[in-house]
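Below is one structure; the comments refer to it alone.
The values are calculated or read from the model by the stated rules, or taken from the named source; none is laboratory data. What you see is a predicted model; the values in this text were computed from it and never measured. Note that each Cβ is placed from the backbone with ideal geometry, even for glycine, and that neighbours are counted across all protein chains shown. Note: accessible area is taken over every heavy atom of the protein model, side chains too, but ligands, DNA and RNA are not part of it. Shrake-Rupley method; radii C 1.70, N 1.55, O 1.52, S 1.80 Å.
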Amino acid sequence: METLSFLGMGLATALHPVNLLYCFLGVFCGTLIGVLPGIGPPGAIALLLPITFHAPPVSAIIMLCGIMYGAMYGGSTTSILVNIPGESASVITCLDGYEMARKGRAGPALGISAIGSFIAGTAGLCGLVFLAPPLAEFALRFGPPEYFALMIFGLSVLLYLAQGSMAKGFMMALLGLMLGSVGLDPVRGYPRFTYDLLTLRDGLGLVQMVIGLFGVSEILLTLEKGVRRKIFETEIKGLFPNLKDWKVSIFPITRGSILGFFLGIIPGMSTTIPTFISYILEKKISKHPEKFGTGAIEGVAAPEAANNAASSGAMIPMLSLGIPTGASSALILGAFIIYGVIPGPMLVKESPEIFWGVVGSMYIGNIMLLILNLPLIGIWVRTLKTPYPVLFPLILLFCLIGSYFIAHNTADMLIMTAFGLLGYLLKKFDYELAPLVLGLVLGPLLETALRRSLIMSRAGFSIFVQRPICIIFLGLALLVLISPLFTRKRYAKDMKEGTED
Amino acid sequence: MNKDFFSGLFWFLLAVYFSVEAYRLGLGQLSMPGPGFFPFAAAVIFGIISASVFINSILKAPAEKEFKAVPGRLQYRNIFLILVAMFAYILLLKFLGFVICTFLFVVFLVRGVARQEWKRSLIISFFVTLGCHLVFNILLNAQLPSATVFSIRK
């Protein structure tokens with residue numbers, strides 16, 4: 001019962017006119033940027049983060065969450081209409097979504113994607129409401145060694161799931177840890193790698209780095225192939241799926257929601273993998289698997305639901321443990337810290353108004369997204385058709401202004417540009433960016449946890465094998481890290497079969 | 001010789017540099033780790049993996065040569081021009097101010113990178129600048145720098 005009264009309080013916070021406005025702005029801007037090809041949720045959050053600096057923390061975080069799911073939704077729209085996934089979680093949507101659009105069924109594809117996301121988001125939030133508080137209660141018992149072990153576990157899951165080579169993923173996470181240590185030492189405040197430059201004392205700055213890595217580098221990658229880009233011309237009519245579509249989709253949506261939610265909770269999982277798994281699952285149990293890839297509506301409904309449920313699921317470890325699960329939630333965690341709010345078990349206990357306000361706003365945001373997307377789809381399609389010669393200078397400008405906006409400092413713009421080039425080169429050399437971002441955010445947290453544990457221990461690393469929760473997490477991490485030796489190939493093959501043929 | 005050869009080598013050198021610098025910060029003792037402890041540990045592991053990537057690239061180089069590279073010519077000219085434009089923007093922002101810089105930046109990119117005609121470039125740039133001015137300076141009051149070069153300094 002207590003949970004329900006807290007939820008009521010959260011909804012009241014979220015329905016406060018000012019917060020409602022911020023939520024709307026977040027969802028709107030998020031969708032707008034998500035629709036633009038090339039900028040996914042992490043880029044969108046980083047770009048718009050500076051705008052929220054003047055808002056009170058609750059409103060700012062509400063807006064950022066709105067940006068995150070708005071951008072995710074916008075990514076699905078581009079997948080369906082132009083076959084360009086706005087972000088990796090909507091890669092799968094391209095397969096059947098774009099085929100549906102080519103057959104003149106873009107409307108129902110967009111419709112089922114919105115409705116599926118809404119159902120999954122709602123279900124995911126119910127799970128969040130009931131799982132996050134007990135988890136936080138449990139995590140109150142965690143000390144630095146447990147946190148250290150949990151973060152190591154999260155990082156190893158992320159590495160296991162990396163699309164490319166695991167060694168390179170590991171390197172990117174470590175590079176993130178190294179770059180994250182620039183600035184003042186988090187335990188004793190000793191300056192490191194600052195070379196007496198004032199700008200570097202506060203570190204390289206997460207927002208500047210991510211704007212460069214995800215915004216500028218995408219533009220560079222697109223433009224190295226020249227400016228031309230085709231857009232698929234289509235009439236969009238009849239957004240509402242018909243009765244047959246409903247019948248076919250309702251169970252895939254349910255399965256996608258459940259699957260996405262539980263996979264989303266696992267640190268390091270991010271939202272991409274659940275969409276793959278749910279697509280493969282639907283194809284395996286379908287009576288007519290041959291239809292997948294030729295415009296089957298359940299091939300759009302299930303992964304879209306999984307995608308959204310996973311992002312709700314990801315909020316659980318983020319809010320109740322303070323552990324991000326992917327690049328987007330890592331950034332939101334970074335934003336929390338910028339606002340002076342530390343996510344984790346104490347947040348749920350000591351500032352319930354923030355925790356429940358965010359949860360409540362996510363529900364309101366889901367409704368807004370539905371209202372915003374069905375009737376306003378025309379606006380997004382028109383945005384999508386913005387000619388590239390206009391679009392790319394605009395995005396670059398936003399990157400520059402966004403990084404200036406953080407502290408009114410041109411040095412931040414330089415850092416941003418340098419990371420744009422770095423992101424471009426990393427992609428050219430087949431390195432992934434998600435582990436890098438996670439490393440950047442986790443760096444200071446991981447370091448603090450490790451150093452505090454060692455200070456507590458008085459006997460070196462043995463403290464990590466003396467505490468049961470620690471042993472469980474580190475054991476799981478080890479299991480995840482060595483398992484590719486046995487299963488990696490089969491897993492990769494499954495993925496390939498499920499998506500390609 | 002492939003991609004991994006160069007990137008592995010580069011990362012290895014970076015790791016060496018980083019670990020030396022971290023070492024100089026002071027590692028402390030295991031019971032009381034110093035400021036250099038964590039970066040040093042990260043850099044050493046980073047160095048070991050980058051060395052393995054580098055060595056692997058030499059071992060398997062002839063077998064898996066990358067044939068698929070370059071589908072059509074890549075326009076590195078664009079990359080170069082964009083980076084130049086961005087650095088110039090950052091440098092000139094304080095002197096020319098937000099409005100003039102933005103206008104020049106957009107003209108340069110639309111004309112130089114997207115290769116639109118002059119007239120079209122100027123029109124696009126005008127509207128982009130106007131829009132940015134309205135949104136950032138007037139709506140959001142972002143306090144972007146205004147031109148200092150024209151104001152009389154004492």
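Answer yes if at least one residue in the range A:159-166 is away from chain B (no Cβ under 12 Å) and among the polar types (S, T, N, Q), and no otherwise. Looking through the range A:159-166, at least one residue is away from chain B (no Cβ under 12 Å) and among the polar types (S, T, N, Q).
The rows are residues; the columns are (1) over 23 Å from residue B:148 (Cβ atoms); (2) within 19 Å of the chain's Cα centre (by Cα); (3) β-branched (Val, Ile, Thr).
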{"site": "B:92", "(1), (2), (3)": "no, yes, no"}
{"site": "B:104", "(1), (2), (3)": "no, no, no"}
{"site": "B:127", "(1), (2), (3)": "yes, no, no"}
{"site": "B:130", "(1), (2), (3)": "no, no, no"}
{"site": "B:134", "(1), (2), (3)": "no, no, no"}
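Based on this model, can you work out whether residue B:143 counts as in contact with a Pro (Cβ under 7 Å, 6 or more places away or on another chain), facing chain A (nearest Cβ under 7 Å), assigned to a loop (DSSP other than H, G, I, E, B) and modelled with pLDDT under 85? In short, no.
Yes or no: residue A:428 under 23 Å from the mean Cα position of the chain (by Cα) and on the phi < 0 side of the Ramachandran plot? When the stated conditions are applied, residue A:428 passes them.
Among the residues of the range B:35-48, just one is open to solvent by 10 Å² or more (accessible area, probe 1.4 Å), within 8 Å of chain A (Cβ to nearest Cβ) and at pLDDT 90 or above, namely B:45. Can you give me the number of residues within the range A:38-51 that are surrounded by fewer than 24 Cβ atoms within 10 Å (Cβ to Cβ) and touching a Ser or Thr at 6+ places or on another chain (Cβ under 9 Å)? Number satisfying all stated conditions: 2. In the range B:14-34, the qualifying residues are those that are away from chain A (no Cβ under 11 Å) and at pLDDT 90 or above, and the one that is farthest from residue A:168 (Cα to Cα) is B:20. Looking across the range A:404-449 at every residue that is facing another protein chain (nearest Cβ under 9 Å) and among the aromatic types (Phe, Trp, Tyr), the one that is surrounded by the fewest Cβ atoms within 10 Å (Cβ to Cβ) is identified as A:429. The condition (being more than 24 Å from residue A:421 (Cβ to Cβ), modelled with pLDDT under 90 and surrounded by 20 or more Cβ atoms within 10 Å (Cβ to Cβ)) is satisfied by just one residue among B:67, B:136, B:98: B:136. Taking the residues in the range A:175-189 that are more than 7 Å from chain B (Cβ to nearest Cβ) and not in a helix (DSSP H, G or I) as candidates, determine which candidate is nearest to residue A:419 (Cα to Cα). Taking the candidates together, the pick is A:182.
The residue list A:18, A:91, A:27 contains one member that is β-branched (Val, Ile, Thr), open to solvent by 20 Å² or more (accessible area, probe 1.4 Å), out of contact with any strand residue (DSSP E or B) (no Cβ under 8 Å at 6 or more places or on another chain) and at pLDDT 85 or above, which is A:18. Within the range B:86-104, the set of residues being within 16 Å of residue B:128 (Cα to Cα), touching a helix residue (DSSP H, G or I) at 6+ places or on another chain (Cβ under 6 Å), free of Cβ contacts under 8 Å to residues at least 24 places away in the same chain and more than 7 Å from chain A (Cβ to nearest Cβ) comprises B:101 only. Of the numbered criteria (1) open to solvent by less than 60 Å² (accessible area, probe 1.4 Å); (2) under 17 Å from residue A:461 (Cα atoms), the one residue B:29 fails is (1). Cβ-Cβ under 9 Å, sequence separation 6+ or interchain: first residue in the range A:285-314 and surrounded by fewer than 24 Cβ atoms within 10 Å (Cβ to Cβ), partner polar (S, T, N, Q) and modelled with pLDDT under 85. Which pairs? Correct list of pairs: A:292/A:286; A:293/A:499. Residues that are in a helix (DSSP H, G or I) and of a type in the set (S, T, N, Q) were ranked within the range A:190-212; the one that is surrounded by the fewest Cβ atoms within 10 Å (Cβ to Cβ) is A:199.
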